[in-house]
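Structure first, commentary second.
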Amino acid sequence: MTPDLAEPAARLAYQKSLDCVHCGLCTQACPTYRLTGRETQNPRGRIYLMRALLEGRAEPTPDVVEDLDACLVCRACEPICPSGVRFGELMAHTRAELRKPSKRRRRLLREVVPDRAKVRRLATLVRFWQTSGLRVLRFLLPSRLRRLERSAPRIAPAAARAPLPRRVEAVGERRGAVAFFEGCVMPELFPEENRATVALFARAGFDVVIPAAQTCCGALHEHDGDLEFARTLATRNADAFDDPDLEAVVTNSAGCGAALRGASHLVREGAAERLSTRAIDWSRFLLDRGATLEFRAPLEGGRVIATYEAPCQPLHAQGEAAAPLELLRRVPGLELRPMDLAELCCGAAGAYALDRPETSRALLAPKLDALAATGAEVLFTGNPGCLLQWRQGVAERGLRVRVEHPAKFLADRLV
């Protein structure tokens, strides 16, 4: 396999791999290396493998593919790399060459995930399963489906999952207008979090527009090596949000935000490039625009101990970890404590927890210990996969900790 140097993004990723000076600063930031201790399962070793494959000096043997597929693409290696290697982009283009997904998986990612109607029907079917008493038959499911069934969140009633209005007017003095990226799974799995985010912006004085033409961010497709379809989705979203009257495109799903901001490496022109510069995390926008939101205490006359974990995407891909904490510190009676290992991936990583459940749980285990050590009653994190991963881990460990999206927590406490 040799690199297609006619492809600009692939050429850039390959050139960036040549910048690696093999210093090893990335190794201890890599969750899989900390777990296995294998050189071929850290960024430096994986760059060796990817470069050898791209240059035709190595063959994609099962062992090589395994070492590359075991990567979470958490991008913890990127901010500490002195050479600025774009590891995530290099991995995406390598997987585009290596991965040969089944027709069923490709069809699921291409035909179901970006289709809101199909995702809604699937969520309704899961809710029926959860509420009809059929769960007693779950022992009849294949082992893979049993794991998936255990990790599925409780689906809300259809009324709670009703589509957001296409425009929500500002409350009080109008300060501007933004677009809201609602995502493909958030409306069905976390509808309250989406409504809470919109409510925060309306109370801060912003009209919120939710374009009907928006679609999936493409993060799952890019991680799976399906760059062709990821480009298609990036182009659709670029067109849907290409309104000069809207100040920004705000996101409350960390993975979606990173995908939108990184869209320019897939489509380097026009609206897609503009979208990558306008997409911004909900908390960062509110802080930068000086939103004067006031919050009431979570407990009357008492305090709540909490901790926060920034999902990998804003922490490593966007360098954003402070904004949600700054907003949470405005809540009276909320004591925020730091958590050890917070910079390491929880093991969710898109479809990783489904593809590699044992490794995913092993990555989460020491973080659950760190969470317990904080004494926190609430854990905040801002990505759907992370919310599901933590909630399942907390339940299995028997910890008395609520796992919440910070936007939902803040909206519930608006004065």
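The values are calculated or read from the model by the stated rules, or taken from the named source; none is laboratory data. Remember, predicted model here, so these are calculated numbers, not experimental data. With ideal geometry, Cβ positions are generated from the backbone for all residues, glycine too; neighbour counts draw on all protein chains shown. SASA here: full protein model, heavy atoms, side chains in, ligands and nucleic acids out. Shrake-Rupley method; radii C 1.70, N 1.55, O 1.52, S 1.80 Å.
What's the local net charge at GLU39, with K and R +1, D and E -1, over the other residues with C-beta under 12 Å away?
Neighbour charge sum, excluding GLU39 itself: +2.
Could you check what % of the DSSP bridge pairs in the chain are antiparallel, to the nearest 5?
Looking only at bridges with both residues in the chain, the antiparallel portion is about 15 percent.
How tilted is helix 87-98 with respect to the longest principal axis of the chain? Cα atoms for both, answer in degrees (0 to 90, nearest 10).
So the helix axis and the longest Cα principal axis differ by about 60 degrees.
Out of residues 5 or more away from ASP242 or on other chains, whose amide H comes under 5 Å of its own, with H placed 1.01 Å from N in the peptide plane?
none
Can you work out ³J(HN,Hα) from phi for every residue in the range 252-261, in order, using Karplus 6.51 cos²θ - 1.76 cosθ + 1.60 and θ = phi - 60°, giving whole Hz and x for Gly and Pro?
10, 10, 4, x, 5, x, 5, 5, 5, 5
Pull out a ≥ b ≥ c, the square roots of the eigenvalues of the alpha-carbon gyration tensor of the range 87-148, then state rounded if a/c is under 1.5, prolate if not and a/b is larger than b/c, and oblate in the remaining case.
Because a/c hits 1.5 or more and a/b exceeds b/c, the range 87-148 counts as prolate.
So what are the ³J(HN,Hα) numbers for the range 70-85, from phi and the Karplus equation (6.51, -1.76, 1.60; θ = phi - 60°), rounded to whole Hz, Gly and Pro as x?
For the range 70-85, the Karplus curve yields 6, 5, 7, 6, 6, 6, 5, 6, 5, x, 9, 6, x, 9, x, 5 Hz.
Could you sort the peptides 320-328, 61-69 by per-residue average Cβ neighbour count (10 Å cutoff), highest mean leading?
320-328, 61-69
By how many degrees, 0 to 90 and rounded to 10, does the Cα axis of helix 384-397 deviate from the longest principal axis of the chain?
80 degrees
Over the range 69-224, what is the relative contact order in whole percent, taking alpha-carbon pairs under 8 Å and six or more residues apart?
Computed value for the range 69-224: 26 percent relative contact order.
Report, by chain and number, residues whose modeled amide H sits under 5 Å from the one on LEU336, excluding near sequence neighbours (fewer than 5 apart, same chain).
Distant-sequence amide H within range of LEU336: ALA306.
Pairs of Cα atoms under 8 Å, at least six residues apart: use those to get the relative contact order of the chain, whole percent.
About 15 percent, as a whole number.
In whole Å, what is the distance between the alpha-carbon centres of the range 84-121 and the range 151-210?
Cα centroid to Cα centroid, the span is 26 Å.
Going by accessible area, probe 1.4 Å, with all protein chains left in place, what is the ranking of GLU335, GLU59, largest first?
GLU59, GLU335
Over the range 146-237, what is the relative contact order in percent, taking alpha-carbon pairs closer than 8 angstrom and at least six residues apart?
Across the range 146-237, relative contact order equals 31 percent.
Report the accessible area of ILE155, computed with a 1.4 Å probe over the heavy atoms of all protein chains in place, in Å² rounded to the nearest 10.
My reading of the accessible area for ILE155 is about 10 Å².
GNM on the chain, C-alpha springs below 10 Å: top fluctuator among ALA58, ALA365, ALA177?
ALA58
For the range 399-408, take each phi angle, set θ = phi - 60°, evaluate the Karplus expression 6.51 cos²θ - 1.76 cosθ + 1.60, and give the result in whole Hz per residue in order, putting x for glycine and proline.
With the stated coefficients, the range 399-408 comes to 7, 9, 9, 7, 10, 10, 7, x, 5, 5 Hz.
Taking the Cα atoms only, what angle lies between the long axis of helix 191-203 and the longest principal axis of the chain, rounded to 10 degrees?
60 degrees
Identify which of SER102, SER151, SER283 has the largest mean-square fluctuation in a Gaussian network model of the chain, with springs joining Cα atoms closer than 10 Å.
The residue with the greatest mean-square fluctuation here is SER102.
With n ≥ 4 as the cut-off for DSSP H runs, can you work out [θ] at 222 nm for the chain, using -39500 (n - 2.57) per run divided by the number of residues, rounded to the nearest 500?
-13000 deg cm²/dmol
Unpartnered cysteines of the chain (Cβ-Cβ under 4.7 Å counts as a partner)?
Isolated Cys, the chain: CYS20, CYS23, CYS30, CYS71, CYS81, CYS346, CYS386.
Suppose every Lys and Arg Cβ carries +1 and every Asp and Glu Cβ carries -1, with no other charges. What dipole size does the chain come out with about its Cα centre, to the nearest 20 debye?
In debye, rounded to 20, the chain gives about 1360.
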